[in-house]
Amino acid sequence: MKSFVIILATAFLSTHVFAQTLDANQKVRLKQEIDYIGSLYGSVYAPKAWKESHLGWNLPAEIATAQTKLAMAQNMHEARAAVAGLIKSTKDYHVSFSFYSTEKATLPFQVKTVEGKTLIVYIDRDKLSETAFPFEVGDEVLTLEQTPVAQVLKELIQDGGPNIPETDLAVADLMLTRRGARSNLIVPHGPVTLSIKRAADDTVGSISLAWEYTPEQLVPAQFQPFALKQQQQPLVTSPMFGPVYSELASETAANPYGLGGKKSFLPDFGTRIWQTADDNEFDAYIYLNNDGKLIGVVRIPGYIVADYDKAVKDFAGIIAHLEKNTSALVIDQNNNPGGSVFYLYALSSMLSDQPLTVPRHRIALSPGGAKECLDMIEQMKSIKTDADAVEKMKDLSGLPATYQLAIGMQNHCREFLSEFHQGVNLSSPLYLWGVDKVNPNPTHYTKPIVFLVNQLDFSGGDFMPATLQDNKRVTVVGTRTAGAGGFVLQSNFPNSFGLEMVTFTGSIAERVDKNPIENLGVTPDVSLPITVDDIRSGYKSYISQVQAVLKSVIK
């Protein structure tokens, strides 16, 4: 049976410079391809009306701007910049592009900008010993090649396409020391000189490091025929996961500041008196707080895993243990890139003893989606019992296959087809695949939950706190999430730009209050931004404030 996973994720990509000169015939083809991409976003981009009303987005004007830039382009890099500008104009973390390229470069440390200071938060001491790099976590990066780091970050934000300032800055922090060539960026190589201010004594030191560089292997002579031999591919209405995970994930598991890391960047809230085994999908533990209460902590790094069944089983084991032994639970979802909505539902079913109402989606209606629904209805005709569902419904990302779920999916498809046949482009609000409520799993947690979020929580990382907050199940603490509000679609097509793919948002989800998640994200119940003092003192103030919230919710 066809896979039914819907991925709630996001995409940030980067790209290599092809400086080849354009001829007139190339420009004709490129112009046609920009028109095609524009038509794609005009017909199957679900948030189009929202972007127009909320941001003043004008697709015809953006297409015209891209065509003007293309007409002036002298080489492929400038032509790519024209199409990239069109795609980035959506201000949507799901919308992205990827050019074929292998070029990338990294430096073995990472930064985070807080309160106007760009601080080192991780150093790979296997590559930068204390002798070779006499700086510490908490020291402030001032310049790269005599350019103020704030200016470098500003340029990275502009290259990525400005959207939500807090999230844009956090993404630029990740990109400062890791540059991929897949989004038309010039990838640095060779030495780079940095000036760094030490936190211990305010002295400023200068040091030269070498970028760890992977050269481009897809040269223009090889690239052109490769691109044009591709087969046209339809819009993908079944599973995908945005490349943000691989692009912005940590290079090493020892670095907890990238996206989707198993270990949190937060230190333990107290001495671990119980913890999960190393092979568990989740890092979870119990500690004793100052009031003599046992508190559970679970890290949820993302909603995509290699083995969903194992992950759901691991989570159930953790929840069963915490329900029996703790007074409250902290869920750390910081830096979560998203993933499968069904896996998200499976986990959320263990966090409440009541059914959870989930967001509804206005879905872009397309012939591809209609055909998928027709196929699904036909495939599910033979499902008459739970046993049939278990046998025939595969790839549900850990969500139990049931007869009720099969009925819900068929009803969803009938609603989709009914509206498609009416000739509308965007559906009325529908529950995705007919799941209107997530029923409680027999194994579930009933005590208070504090849910930690930040500006690097995307898509599924928006949906989980939105669902739990809307159902008044958790106290959300941290900073506003990114606001990537729907599922991701992808299109591949023959082109002269060397585009591997473009991605876009196939639905726009709305919460219980009818507001979209797109561009708005989830506002925490308790605002708790990270400070300079947190990074330099091991997050003592941050943890203390979370402890205070815990105390207030424990009855």
Discussion item. What are the pairs with Cβ atoms under 7 angstrom where one residue, in region 170-183, is assigned by TED's automatic domain parsing to the domain that holds Ala249 and the other, located anywhere, is at pLDDT below 95 and among the hydrophobic types (A, V, I, L, M, F, W, C)? Sequence gap at least six, or different chains.
Written reply: none
Item to complete: Return yes or no: is Phe463 aromatic (Phe, Trp, Tyr) and modelled with pLDDT of 95 or more?
Response: yes
Practice prompt. Could you please find all residues in region 55-92 being surrounded by fewer than 23 Cβ atoms within 10 Å (Cβ to Cβ) and in contact with a strand residue (DSSP E or B) (Cβ under 8 Å, 6 or more places away or on another chain)?
Written response: Gln74, Asn75
Worksheet entry | Test result for Thr131, within 24 Å of the chain's Cα centre (by Cα) and either farther than 18 Å from Ala249 by Cα or surrounded by fewer than 21 Cβ atoms within 10 Å (Cβ to Cβ) (or both) | no
Discussion item. Quick test of your reading of the structure: Pro108 fulfils all but one of (1) over 30 Å from Ile196 (Cα atoms); (2) at pLDDT 95 or above. Name the failing condition by number.
Written reply: (1)
Worksheet item: Which residue out of Ile295, Ile319, Ile286 is part of a helix (DSSP H, G or I) and either free of Cβ contacts under 8 Å to residues at least 24 places away in the same chain or buried (at least 16 other Cβ atoms within 10 Å of the Cβ) (or both)?
Response: Ile319
Worksheet item: Checking Ile535 against (1) farther than 21 Å from Glu166 by Cα; (2) outside any loop (DSSP other than H, G, I, E, B), which test does it fail?
Response: (1)
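Okay, residues lined up against (1) in a helix (DSSP H, G or I); (2) within 22 Å of Ser537 (Cβ to Cβ); (3) at pLDDT 95 or above; (4) not assigned by TED's automatic domain parsing to the domain that holds Gln333:
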site: Leu209; (1), (2), (3), (4): no, no, yes, yes
site: Pro234; (1), (2), (3), (4): no, no, no, yes
site: Gly270; (1), (2), (3), (4): no, yes, yes, no
site: Asn290; (1), (2), (3), (4): no, yes, yes, no
Worksheet entry | Residue pairs meeting the criteria (Cβ under 7 Å; at least 6 apart or on separate chains; first in a loop (DSSP other than H, G, I, E, B), in region 375-393; second acidic (Asp, Glu)) | Ser382/Asp388
Worksheet item: Which one of these is assigned to a helix (DSSP H, G or I), in contact (Cβ under 8 Å) with a residue 60 or more places away in the chain and surrounded by fewer than 22 Cβ atoms within 10 Å (Cβ to Cβ): Glu166, Glu155?
Response: Glu166
Worksheet item: What are the residues in region 322-359 that are in contact with a Ser or Thr (Cβ under 7 Å, 6 or more places away or on another chain), surrounded by 23 or more Cβ atoms within 10 Å (Cβ to Cβ) and closer than 16 Å to Ala284 by Cβ, if any?
Response: Asp332, Asn334
Response to the item:
Being touching a helix residue (DSSP H, G or I) at 6+ places or on another chain (Cβ under 6 Å), in contact (Cβ under 8 Å) with a residue 40 or more places away in the chain, surrounded by fewer than 24 Cβ atoms within 10 Å (Cβ to Cβ) and not assigned by TED's automatic domain parsing to the domain that holds Asp168 narrows Arg511, Arg480, Arg473 down to just Arg511
Practice prompt. Could you run through region 173-204 and say how many residues are polar (S, T, N, Q) and buried (at least 18 other Cβ atoms within 10 Å of the Cβ)?
Written response: 3
Worksheet item: So is Gly205 on the phi < 0 side of the Ramachandran plot and either touching a residue at least 40 places away in the same chain (Cβ under 8 Å) or in the same structural domain as Asn255 (by TED's automatic domain parsing) (or both) or not?
Response: yes
Worksheet entry | Members of region 65-104 found to be free of Cβ contacts under 8 Å to residues at least 60 places away in the same chain and of a type in the set (Val, Ile, Thr), listed by number | Thr65, Thr68
Practice prompt. Look at Leu489 and say whether it is buried (at least 24 other Cβ atoms within 10 Å of the Cβ) and either out of contact with any Pro (no Cβ under 9 Å at 6 or more places or on another chain) or within 18 Å of Gln455 (Cβ to Cβ) (or both).
Written response: yes
Item to complete: Assess whether Gly190 counts as being in contact (Cβ under 8 Å) with a residue 24 or more places away in the chain and more than 19 Å from Ile535 (Cβ to Cβ).
Response: no
Practice prompt. Just one of (1) in a loop (DSSP other than H, G, I, E, B); (2) more than 25 Å from Ala316 (Cα to Cα) trips up Ser352, so point out which.
Written response: (2)
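For every residue, the table says whether it meets (1) under 23 Å from Lys48 (Cα atoms); (2) of a type in the set (Phe, Trp, Tyr); (3) free of Cβ contacts under 8 Å to residues at least 40 places away in the same chain.
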position	(1), (2), (3)
Ala401	no, no, yes
Gln404	no, no, yes
Gly408	no, no, yes
Asn411	no, no, yes
Val424	yes, no, no
Pro429	yes, no, no
Lys437	no, no, no
Fill in: Hits in region 496-507 - residues which are surrounded by 21 or more Cβ atoms within 10 Å (Cβ to Cβ) and either in a strand (DSSP E or B) or on the phi < 0 side of the Ramachandran plot (or both)
Phe497, Leu499, Val502, Thr503, Phe504, Thr505, Gly506, Ser507
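The values are calculated or read from the model by the stated rules, or taken from the named source; none is laboratory data. Keep in mind the model is a prediction, meaning the values are calculated, not measured. In this analysis, Cβ positions are derived from the backbone assuming ideal geometry, glycine residues included, and neighbour counts consider all displayed protein chains.
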